Amino acid sequence: MRGEAGVFVVAIIGVAALVAVFAFVPPATQSIVSTGGSTPKTALQGLKSFQSYSQLQDYMSANAKSAQQYNMWGVGFGGWGPVVPGALGAVTFTAEATMTESSATESSIGNLPSYTGTNNQVQGVDELDRVKTDGTHLFVATQDSVALIDAYPPNSTSILSSLSFPSHQMLGLEAAANRLMVLVQTNSGTGGVGLLLYDTTNLASPVLMQNVTIPGNFVGARMADGYLYAIVQQPSYTFNGQGNATAAMPVAGQGGVETELSPTSVFYTNNTAQINFYTMISSVSISTGKESVISVLTGPSATIYVSTSNIYVAYANYLDLYDVDGIPGNAWSGGVISAQMVAQSQNSTILRASYANGTVTAAKAGIVPGTVLNQFSMDEYNGYFRIATSRFATINGASTTSDDVYVLDQNMKQVSSLQNIAPGENIYAVRFSGDTGYVVTYQQVDPLFVISFKDIAKPVILSALKVTGYSDYLHPLGDGYLLGIGKETVSASSGNYSYYLGLKISLFKVSDNGTSAQVAKLDIGDRGTDSPVLSDHLAFTYDPTKNITVIPLTLFQVSGNSTYNGGILADGNPVWQGVYVIKWSPTGLTVVGNVSQYPAGQNYGDYPNGSLSIDRSVIIGDYLYTISQGEVMVSSMSGSFPTVATVNLPP
């Protein structure tokens, strides 16, 4: 467990002990259990679509009736305001274009230099981000604007045009040849997501060519095979001020004109209690703007993984509560708890939808015990789906936590599992690479587990490397090398917990036989030093041609001579913000430079606003482009990284 998080984890385990009174949890041992060919204790779920509007309406009305019954008992339900026919007109997305005069012209260089792109989890599947580049231009989203920038050569860096989206939350960008996709969220009216496609043939004058609107809340998006695939959730029923529940129909539209989805495009599983939301999966052609959408009834989801052919949506199964009428309802809390219900609350449902050339097909859904940490907890390899989860468990009669890895086939049927990897510990990072998986758990030391999937029916742990601290993000470097980014820690003088220190970057080497070693580590700053990479992998930049990584961070330093204050580790104070440029070799890690956008002589926190805090970077040729909310700075990657150019971004 991490630092003061020890108090929180103890509280969770206390809850687990309380839950154990009601729940029967299958007995476990402290040894790792590997199973092959077995099926989950929860049933495999197929997907069916509705055949008529009346069938869909009846199904959702029954669910709304159940929701209304539980609402009378004081049980809370998820959801937003009502989504009803005719409401989409209030969710209209517009942009104001601003052209900026510039003497810069399109680059005519014949041999463009190499450049870094988005730090994607899957090769060939691009992730939404606020900065995109084609090696010549930068497309940068700020709080409510998008700047189209002539970036290379660096001495001509300037804004060609900008788009403004007042009263909208910027979600991110996707860029392709002569196209720019902007995703925004609005919370006004019913709330919704806008997918705005621009023709950027003339970068000085982008033209809106498609405006897709989907009521609901954004879950995630990816771009692959020339299409954007966006996942948005809208509630399947709503409550009025008197607590009455009403079924809602799934809707989507273009240009502010909404339509209900065809019932044959709405899918559901046998898990009728887990249907708070319509999970809308929309595809938009980047070249033509052609749009299509399907919907699947699910619980609330926040984690997606997308391979080159499948979209996986994971959501936790909340407690099923049953009223006297026997109608199942999905509740966040309250009601009578039974052993079966508590056991189910630890499960996650994974929806698999296949895609190809813009066509999305709802395929299968399966259930695994536990919940996922983030998208890196999931992976597809050679037709199999791998997922790492954490769950409550009873081990030797004690309530605690445990971590598992499950392998499912394309029918979402369990093929094998590796259970009880680290009893009592929490998963901090996961990464799959080829037939190998890496799992970091933490309590007082950081075991890096190396797992082999060469025999998909029987995954095995090859090694468990224990080092101080922990890694929140793992990045494969090739040839068995692995970079870990997290925090250094020190164990408390008493108690089963640790204090976090500064930022820690570890270089691991995994041999062919699976044994691992920490080749080198780099400690940066004192207690409090932090980096957005720890929670956002898109902030990480890696240039394999130079073996260089760029990491944004806020540097904290402890003032005074003492590192302790009354026996408790003292917190540092923020003194600097920017990026560290780090080079790796098989023998070590070296800081080769750093860049800050704050003026010389002004430390982090002195400036009147935080708009110069760098959270993204791009390398084009021998130049480093650092991006904050307020500025793009270009630095030469030679010597002391001198500034070549700066561009102020629109507010």
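The values are calculated or read from the model by the stated rules, or taken from the named source; none is laboratory data. It should be emphasised that the depicted structure is a prediction, and the values quoted were computed from it without experimental measurement. Cβ: placed from backbone, ideal geometry, glycine included. Neighbour counts: every protein chain shown.
Just one of (1) touching a residue at least 60 places away in the same chain (Cβ under 8 Å); (2) assigned to a strand (DSSP E or B); (3) of a type outside the set (A, V, I, L, M, F, W, C) fails for PRO423. It is (2). Out of curiosity, is SER463 part of a strand (DSSP E or B), of a type in the set (Ser, Thr, Tyr) and either surrounded by 22 or more Cβ atoms within 10 Å (Cβ to Cβ) or in contact with a Lys or Arg (Cβ under 6 Å, 6 or more places away or on another chain) (or both)? Answer is no for this residue.
Taking VAL219, is it crowded, with 19+ Cβ neighbours inside 10 Å and more than 23 Å from THR308 (Cα to Cα)? For VAL219, the condition - crowded, with 19+ Cβ neighbours inside 10 Å and more than 23 Å from THR308 (Cα to Cα) - is not met. Taken over segment 459-472, the criterion of being of a type in the set (Ser, Thr, Tyr) and farther than 21 Å from ASP404 by Cβ is satisfied by THR468 alone. Residues of segment 117-149 that are buried (at least 22 other Cβ atoms within 10 Å of the Cβ), of a type outside the set (Lys, Arg) and free of Cβ contacts under 8 Å to residues at least 60 places away in the same chain: PHE139, ALA141, VAL146, LEU148.
For segment 496-532, the set of residues classified as in a loop (DSSP other than H, G, I, E, B) and over 18 Å from LEU553 (Cβ atoms) consists of ASN496, TYR497, SER511, ASP512, ASN513, GLY514, THR515, listed by residue number. Of all the residues in segment 279-320, those that are under 17 Å from GLU127 (Cβ atoms), assigned to a strand (DSSP E or B) and among the small types (Gly, Ala, Ser) number 3. In segment 256-272, which residue that is assigned to a loop (DSSP other than H, G, I, E, B) and in contact (Cβ under 8 Å) with a residue 60 or more places away in the chain is nearest to ILE214 (Cα to Cα)? Here the residue is GLY256. Would you confirm whether or not segment 372-394 contains a residue that is of a type in the set (Gly, Ala, Ser), assigned to a loop (DSSP other than H, G, I, E, B), at pLDDT 95 or above and surrounded by fewer than 23 Cβ atoms within 10 Å (Cβ to Cβ)? Yes: one or more hits.
The residues on offer are ASN244, ASN276, and the sole one that is surrounded by 20 or more Cβ atoms within 10 Å (Cβ to Cβ) and either touching a helix residue (DSSP H, G or I) at 6+ places or on another chain (Cβ under 9 Å) or modelled with pLDDT under 80 (or both) is ASN276. Of the residues that sit in segment 419-459 and are modelled with pLDDT of 95 or more and over 20 Å from TYR481 (Cα atoms), which one is surrounded by the most Cβ atoms within 10 Å (Cβ to Cβ)? Among those that are modelled with pLDDT of 95 or more and over 20 Å from TYR481 (Cα atoms), it is PRO459. Here is the figure for segment 393-416: residues that are closer than 17 Å to THR349 by Cα, under 24 Å from the mean Cα position of the chain (by Cα) and of a type in the set (S, T, N, Q) total 1.
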